[in-house]
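Q: Take this structure, written in structure tokens, and hold onto it; I'll ask about it next.
We did not get these values from a lab; they are worked out from the coordinates using the rules stated. Keep in mind it's a predicted model, so treat the numbers as computed, not measured. Virtual Cβ from ideal backbone geometry, glycine too; neighbours counted across all protein chains shown.
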Amino acid sequence: MNRLKVFGLDIFSALLGLVVAVLVGSLLLNIPLVKEVFFPVQIASSIESVAVETPRATDIYQVEVRNGVGVRGVAERMRTYLRSKGYDVVGVGNHPSFDVEQTIIVDRIGNLEIAQEVAASLGLPPERIQRNVRSEFHLDVSIILGKDYGVIPPFINLQSSSPTQDADHGN
């Protein structure tokens, strides 16, 4: 009887080792059938209708926001707004000067369509787009907020605060 227990245990160990080897091998060799059983793929539900000003899901634009007016917090507020609209905001900070009169969109990659879409989503006319292609920036557009920032969606109907010319905290 002891011999059967030892023999049974050996068979069990061998079968368990074989199952583990097959599972690990199938995952390493990327065999879909076994992989799907243990790691099912979840498919996202369909997306509801999207507003016109929101970038398409396949077109995630990388933008930076620069505070050109010197009012504390405007670049951060714009970042929050843009992210809620689907943009990838890769940088926020101060423009070299705080005397920018009008908010502008700067095309950084030579794709005017992207700059036009960003301008339209902010309610800015195409005349506010400038081209300054800079391959070292690794982004699509720069948004430089000017003294007219109060007419742009995240700032409409806000009490404007007084400008603070603080280069470290002006964004």
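Q: Which order results if Ile152, Ile105 are arranged by neighbouring Cβ count within 10 Å, fewest first? Could the numbers behind the result be given before it?
A: On the way: Ile152 20, Ile105 25.
By the 10 Å Cβ count, ascending, the order reads Ile152, Ile105.
Q: Here is a further query. How would you rank 131-138, 84-91, highest first, on the average number of other Cβ atoms within 10 Å across their residues?
A: Numbers: 131-138: 10.9, 84-91: 16.2.
Result, highest mean first: 84-91, 131-138.
Q: Another question, if that's okay. Stokes-Einstein at 25 °C, 0.890 mPa s, Kirkwood radius from Cα pairs: D for the stretch 62-155 in µm² s⁻¹? If you can, show how the numbers build up before the last one.
A: Values: Rh = 12.8 Å.
This corresponds to a translational diffusion coefficient of 191 µm²/s.
Q: With +1 assigned to the C-beta of every Lys and Arg and -1 to the C-beta of every Asp and Glu, and no other charges, what is the dipole magnitude of the stretch 62-155 about the Cα centre in debye, to the nearest 20?
A: On the way: 11 positive and 12 negative charges, 54 e Å.
My answer is approximately 260 debye.
Q: Can you work out the FRET efficiency for the pair Ser84 and Val19, with r the C-beta to C-beta distance and R0 = 41 Å, to the nearest 0.05? List each step's numbers first, then the result.
A: Numbers: r = 49 Å, r/R0 = 1.19.
According to the calculation, E is roughly 0.25.
Q: Then there is this: How much length would be gained if the chain were fully extended between Gln130 and Arg72, taking 0.36 nm per residue of separation minus their Cα-Cα distance, in nm to one decimal? Don't jump to the answer; show the numbers that get you there.
A: Numbers: separation 58, 0.36 × 58 = 20.88 nm, distance 2.48 nm.
Stretched out fully, the Gln130 to Arg72 stretch lengthens by 18.4 nm.
Q: Next question, about the same structure. Share of antiparallel DSSP beta bridges in the stretch 62-155, in percent to the nearest 5?
A: Numbers: 4 of 18 bridges.
The answer is about 20 percent antiparallel.
Q: Given a Förster distance of 22 angstrom, what is the FRET efficiency for Ile156 paired with Gln102, based on the Cβ-Cβ distance and rounded to 0.05?
A: On the way: r = 16 Å, r/R0 = 0.73.
Efficiency at R0 = 22 Å is approximately 0.85.
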